[in-house]
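Okay, so here's the structure we're looking at.
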Amino acid sequence: MKNKTVIVTGAASGIGKAIAILFAAEGAHVVVSDIASAEGEAVVKEITLAGGKASFCKTDVSQPAEMEALVNFAVTTYGRLDIAVNNAGIGGEINPIADMSIEGWQKVIAINLNSLFYGMKYQIAALLQHGGGSIVNISSILGSVGFAGSAAYTAAKHGVVGLTQTAALEYSAKNIRINAVGPGFIDTPMLSGLDAGVRNQLVALHPIGRLGKSEEVAELVLWLSSEKASFVTGSYYPIDGGYLAR
């Protein structure tokens, strides 16, 4: 990863933060992207204090112009783009389909699915300018199975897998590898508001007997982005403590 330029969206906390820190530790120049400015700047400070290189770019991933600006920022700041990790997402409204608000549906689709199309549209163009690269899209275990009460989230994460596969078919011959990662329930701020009973129920869904760690997901993303995974494209990698094997 030495001197590679990497964009990580949703990098102010959780999985995205762990990815950004790991890439920087491996020598990459990291563009930390998030809508939360203070938290994003704090990640940049943590990276730079550890001797790494990083810059913050505030981005609302649901807006195509801001995703284009993010790519332009990376290229302007570091001269090129080599890797993009499209991680930003929200849990969104929890309701059965008949009770889900139109606004709730649209918000999740905009942030969790539309953003990946916008991101790849501009990321791929930048990658092609320097001979290729890698994109990793963060889906979910709910990219392959359903989950009652989370119709929008589940639909979006299924869409991420299909979009990833299609993009891989279109650009593999041009030296751009595109893969998806499907985390199980990971111990991140997104789950911090759950009471102990609900949390224990989620733990019980994972045969390994615990929730995942952001750093574990980051290690998989790093591998997929590296030349060690040079024959891997169009793939969907669950990292779920056995959730999908039940």
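The values are calculated or read from the model by the stated rules, or taken from the named source; none is laboratory data. Since the model is a prediction, treat every value here as computed from it, not as a measurement. A quick note on method: Cβ atoms are made from the backbone with ideal geometry, for glycine too, and the neighbour counts reach across all protein chains shown.
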Exercise. Residue check: is Phe185 on the phi < 0 side of the Ramachandran plot and out of contact with any Leu (no Cβ under 9 Å at 6 or more places or on another chain)?
Worked result: no
Exercise. Which one of these does Ile102 not meet: (1) under 19 Å from Gly182 (Cα atoms); (2) without any contact (Cβ under 8 Å) to a residue 12 or more places away in the chain?
Worked result: (1)
Exercise. Which one of the conditions (1) in contact (Cβ under 8 Å) with a residue 24 or more places away in the chain; (2) over 18 Å from the mean Cα position of the chain (by Cα) does Ala110 fail to meet, given that it meets all the rest?
Worked result: (2)
Problem set entry | Conditions (1) at pLDDT below 95; (2) closer than 27 Å to Ile7 by Cβ; number of the one not met by Leu205 | (2)
Exercise. Just one of the numbered conditions (1) without any contact (Cβ under 8 Å) to a residue 24 or more places away in the chain; (2) touching a helix residue (DSSP H, G or I) at 6+ places or on another chain (Cβ under 6 Å) is not true of Val85; which one?
Worked result: (1)
Exercise. Can you tell me which residue in the stretch 1-33 is surrounded by the most Cβ atoms within 10 Å (Cβ to Cβ), limited to those that are touching a residue at least 40 places away in the same chain (Cβ under 8 Å) and touching a Lys or Arg at 6+ places or on another chain (Cβ under 7 Å)?
Worked result: Ala11
Problem set entry | Filtered residues of the stretch 206-246 (kept if of a type in the set (Ser, Thr, Tyr) and buried (at least 18 other Cβ atoms within 10 Å of the Cβ)) | Ser214, Ser225, Thr233, Tyr237, Tyr243
For this session: Take the stretch 126-155 and flag every residue that is in contact with a Leu (Cβ under 9 Å, 6 or more places away or on another chain) and free of Cβ contacts under 8 Å to residues at least 60 places away in the same chain.
Result: Ala126, Leu127, Gln129, His130, Gly133, Ile135, Asn137, Ser150, Thr154, Ala155
For this session: Check Ala152, Ala156 and return the single one that is buried (at least 24 other Cβ atoms within 10 Å of the Cβ), over 22 Å from Ser230 (Cα atoms), over 16 Å from the mean Cα position of the chain (by Cα) and at pLDDT 95 or above.
Result: Ala152
Exercise. Restricting the first residue to the stretch 214-227 and requiring it to be touching a residue at least 40 places away in the same chain (Cβ under 8 Å) and more than 10 Å from Ile83 (Cβ to Cβ), which pairs with a second residue that is surrounded by fewer than 23 Cβ atoms within 10 Å (Cβ to Cβ) and among the β-branched types (Val, Ile, Thr) meet a Cβ separation below 7 Å and a spacing of at least six or different chains?
Worked result: Ser214/Ile186; Ser214/Thr188; Val217/Ile186; Val217/Ile239
Problem set entry | In the stretch 214-246, residue farthest from Lys157 (Cα to Cα) [restricted to those that are of a type in the set (Phe, Trp, Tyr) and within 15 Å of the chain's Cα centre (by Cα)] | Trp223
For this session: State yes or no: is Ile176 without any contact (Cβ under 8 Å) to a residue 60 or more places away in the chain and surrounded by 20 or more Cβ atoms within 10 Å (Cβ to Cβ)?
Result: yes
Exercise. What is the one condition in (1) surrounded by fewer than 18 Cβ atoms within 10 Å (Cβ to Cβ); (2) of a type in the set (A, V, I, L, M); (3) under 22 Å from Ala84 (Cα atoms) that Val203 does not satisfy?
Worked result: (3)
